[in-house]
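Asker: The structure follows.
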Amino acid sequence: MVHVAMIPDPKLGIQIEAERNLNQRNRIENMTPEALEKSRQRAIDALELTKARIPPEVLAALPPVPDISKVQTSAYHGYNFQLDSALAMQSPFGIGRVLVIPGETSAQFQISIPLSGLAEDLRPYLPLFTKLLKASSGLMIPCSVADVIKQTTCLPIAKPAGMPFAYLSSDQVDSALSKVLVKYDVCIGKYTDSKYGGGWPNEVLTLYGSTKSGDILHGFTLIVLKLLFGDFGEDAIHKTAAAEEKNLSRAKGTGASVLIDTFPWLRIPGPLDARTIASSNVSTDKYSKYSPCEPLGRAVNMYYQSAFLSSVTKSLSQALSGDGLAAAEVSNVCTAILQMRTYFANCTDNSGLAHISLPQISGSDAAQKTVDAVVDAWSSCSRAWCNSMQIITVPDSPCQGTVQYRVKNGTTTPPRKRRRTGADYSPAMVPLFTLGARPGSTRYVTLDAPLGIHLTLPNLQTSYVGVQIPLKQLPKTKAVHASFEERIKTLPDRDHFALRMLAHVLNRTGGLIKNAVRGRGYAYGVGIHTHYDEGYLGVYISHAVDPQKALGAFWETIDMLQSEEKWNENIDEFQLNAARSIYLLRFYTDVAETLAPEDASAMFSGFTGLEQRLLWVRRHVEAITLADLRHAFIQYYVPFIKKSSTSALYIVATPQAAEESGADFVARLNNNQYGVEFKALEMSALDPIIRI
């Protein structure tokens, strides 16, 4: 296999940009006054065209909006089981689901194990643990269960005389997996058929596998054996951590992922969260004598995983080279992996999901036996692990890990802005459903006024702008006694879907926000992202030519739409109908392509299966009116420009080699009339020092 990495040349980019500017200047200097006036008028006319309304007769002549009834979805039906038997009490599963999809060419399983009881300082090891499960490794099988495992799997186990464990090489394990499974994966959160895992809920570890033979039990048992008995020694951990560190280091250089990943980090309460940065307490003088630190449990997102893995790799490298001083840190890493296995083997949370999809099955009894067999396989392997590992004492916590920071804040320029007044549209803070912040226990930090942070990144080739604002949500109750039919009549998620429809209207090709930002050439891309389950609305602007003008265009569009007259001129029934149809068409098309993952996702969302979720989405989307869009705009978009009613957090990331000085750039950002105060912050201030 050959990997080709294409890295932009900053010097060449600067040279091309200089040549383009020189050619443009020469062309303008050679133009007559009349030609300059014509060019200016053409630019004005082109800008006015982006604001022109399409005549009703033209809209009426357009082809009809997509018809979702034409989307072909495979026939399917499912069986649900409450796993409340004595057998299930020894496992982490509460619900079993068997989905039958006639005509499918493979069988799949998605087994999700709860993480709610996992210690906070073990959570940074979760991504590393998932990589170990996917990497090539051997097995250490207890001889006490070797005969049973040999009968139920294709593993060539040979019990050595007088030894407590039988060892299988990585080649033998990989050969067995390839014989049974077409594909297998391990991820944090629900499984999605893309490289971007996650989404709500993240409080599970999901084991995924697909097989053409239909031998679900065989494939699942092999992955569980790897989870509990995989040979994850110092060499395996070092190799996996080093490879993942390189991957994350390359991802960090792109800038966009760093920008988006920094938002949740600053939103979660900590020594250097958004609230602390917004206050006057953060200063170079205060932190000149010491660095603030916090528990290791928050070092879980992509940017900080890089620093964490770097510390793991460094410790293991020193130990493997014979440095005895690193032995304690290596022991902490190995103990953490062992403690995670202890948690999984003893987990009886009873909130996990055992989801299985099959091409065919002969009735409910056969479906029940399939689920019971999977639960029994898990229970047997976990009991074998507990019985064979009784002699090993594992502490509740592997170490008292901490994260420290190098605080080097740049000077900030006092903002120059005109205060605005208006109604108080105050969004409520909601729990953050992300790894490292358990639902119900950690909340977003509140901000008294909008805060902007300017970061300069050395490897960045272009500028990025992002803003997140918390959404107002009703508290989720644990138990709902009303039936699904009664609940759907009240349309309780109306605000949620109105917000999604409004995002489609404003950010579609030719939409107001996309026209204002991209249409004027201020940035290449702009996206509105409604993360309702995670509790925030985000707007991200990528490849910004002028971040200040791009932000200004976004603010002006929101400000303009506050007027009832301007709203009625720009938002009409035709756009709403198009948004409804396009949203449903994409949703139904995605479901048709990935029935099994979508069905499991529906279970995670509290539905009994995909059937209920499809009906729930369609009823809500079809019920949305223009009045709902207006309500969503006033409640969620207007706070972007209302200082007294917002907790908006802005991040502007620019290349380090910019022509404009940082102080001048921040001063220009602060010259806004919407009450957003920007502060310069060096990325090194957030650069963690992980100690294992």
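The values are calculated or read from the model by the stated rules, or taken from the named source; none is laboratory data. Predicted model only: the values in this text are computed from it and were never measured. When we count neighbours, we look across all protein chains shown, and the Cβ atoms used for this are built from the backbone with ideal geometry, even at glycine. Please note that ligands, DNA and RNA were not included when accessible areas were found on the heavy atoms of the full protein model with its side chains. Shrake-Rupley method; radii C 1.70, N 1.55, O 1.52, S 1.80 Å.
Asker: Please verify whether G525 is part of a strand (DSSP E or B), out of contact with any Leu (no Cβ under 9 Å at 6 or more places or on another chain) and of a type in the set (G, A, S), treating the condition exactly as stated.
Answerer: Considered against the rule, which asks whether it is part of a strand (DSSP E or B), out of contact with any Leu (no Cβ under 9 Å at 6 or more places or on another chain) and of a type in the set (G, A, S), G525 comes out as yes.
Asker: Return a yes/no flag: does segment 615-637 have any residue that is among the hydroxyl-bearing types (S, T, Y) and surrounded by 20 or more Cβ atoms within 10 Å (Cβ to Cβ).
Answerer: Yes: one or more hits.
Asker: Checking D147 against (1) more than 30 Å from P124 (Cα to Cα); (2) assigned to a loop (DSSP other than H, G, I, E, B), only one condition comes out false. Which one?
Answerer: Single failed check for D147: (2).
Asker: Let me ask something else about it. Here is a list: A135, A166. Which entry is among the small types (G, A, S) and under 33 Å from the mean Cα position of the chain (by Cα)?
Answerer: Being among the small types (G, A, S) and under 33 Å from the mean Cα position of the chain (by Cα) holds for just one of A135, A166, which is A135.
Asker: Exactly one of (1) open to solvent by 10 Å² or more (accessible area, probe 1.4 Å); (2) closer than 30 Å to G230 by Cβ; (3) at pLDDT 75 or above is unmet by S357. Its number?
Answerer: Result: S357 fails condition (1) only.
Asker: Now, a different point. Return a yes/no flag: does segment 441-462 have any residue that is modelled with pLDDT under 50, buried (at least 16 other Cβ atoms within 10 Å of the Cβ) and not small (G, A, S).
Answerer: yes
Asker: In addition: May I ask you to list the residues in segment 297-344 that are modelled with pLDDT under 80, open to solvent by 20 Å² or more (accessible area, probe 1.4 Å) and more than 28 Å from the chain's Cα centre (by Cα)?
Answerer: Across segment 297-344, the qualifying residues are A319, L320, S321, G322, D323, G324, L325, A327, A328, E329.
Asker: May I pose another question? If I ask for residues that are outside any helix (DSSP H, G or I) and of a type in the set (D, E), which ones from segment 563-598 would you list?
Answerer: Residue satisfying the conditions is D572 alone.
Asker: Here's a follow-up. The conditions are (1) open to solvent by 10 Å² or more (accessible area, probe 1.4 Å); (2) within 24 Å of C386 (Cβ to Cβ), and K183 fails exactly one of them. Which is it?
Answerer: (2)
Asker: Let me ask another. What is the number of the single condition among (1) closer than 26 Å to T153 by Cβ; (2) modelled with pLDDT of 85 or more; (3) open to solvent by 30 Å² or more (accessible area, probe 1.4 Å); (4) assigned to a helix (DSSP H, G or I) that A366 does not meet?
Answerer: Here A366 clears every test but (3).
Asker: Identify the residue in segment 564-605 that is of a type in the set (G, A, S) and open to solvent by less than 50 Å² (accessible area, probe 1.4 Å) and, among all such residues, is farthest from K642 (Cα to Cα).
Answerer: Checking each candidate, the answer is A596.
Asker: Considering every residue within segment 127-134, establish whether at least one is surrounded by 14 or more Cβ atoms within 10 Å (Cβ to Cβ) and assigned to a strand (DSSP E or B).
Answerer: No, segment 127-134 has no match at all.
Asker: Can you tell which of Y184, Y290 is of a type outside the set (A, V, I, L, M), at pLDDT 75 or above and not in a helix (DSSP H, G or I)?
Answerer: After ruling out the rest, the residue left standing is Y184.
Asker: Of all residues in segment 536-550, how many are over 26 Å from F497 (Cα atoms) and either out of contact with any helix residue (DSSP H, G or I) (no Cβ under 7 Å at 6 or more places or on another chain) or of a type outside the set (A, V, I, L, M) (or both)?
Answerer: Here the count works out to 6.
Asker: Name the pairs: first residue in segment 129-148 and touching a residue at least 12 places away in the same chain (Cβ under 8 Å), second residue assigned to a helix (DSSP H, G or I) and aromatic (F, W, Y), Cβ to Cβ under 7 Å, at least 6 apart or on different chains?
Answerer: If the second residue must be assigned to a helix (DSSP H, G or I) and aromatic (F, W, Y), the pairs left are L139/F229; M140/F229; I141/F229.
Asker: Hey, can you tell me all the residues within segment 636-684 that are outside any helix (DSSP H, G or I), within 30 Å of H496 (Cα to Cα) and at pLDDT below 85?
Answerer: Within segment 636-684, K642, T646, S647, G675 qualify.
Residues are listed down the side, and each one gets a yes or a no for (1) within 28 Å of S315 (Cβ to Cβ); (2) at pLDDT 80 or above:
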{"site": "L227", "(1), (2)": "yes, yes"}
{"site": "A242", "(1), (2)": "yes, yes"}
{"site": "K252", "(1), (2)": "yes, no"}
{"site": "D261", "(1), (2)": "yes, no"}
{"site": "K286", "(1), (2)": "no, no"}
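Asker: Quick one: which residue in G103, G189, G96 is open to solvent by less than 10 Å² (accessible area, probe 1.4 Å) and within 21 Å of L217 (Cα to Cα)?
Answerer: Every option except G96 fails the conditions.
Asker: Check E48, E34 and return the single one that is modelled with pLDDT of 80 or more and open to solvent by 80 Å² or more (accessible area, probe 1.4 Å).
Answerer: Only one candidate passes the filter, namely E34.
Asker: Scan segment 512-529 for residues that are on the phi > 0 side of the Ramachandran plot and open to solvent by less than 40 Å² (accessible area, probe 1.4 Å) and report the count.
Answerer: 0
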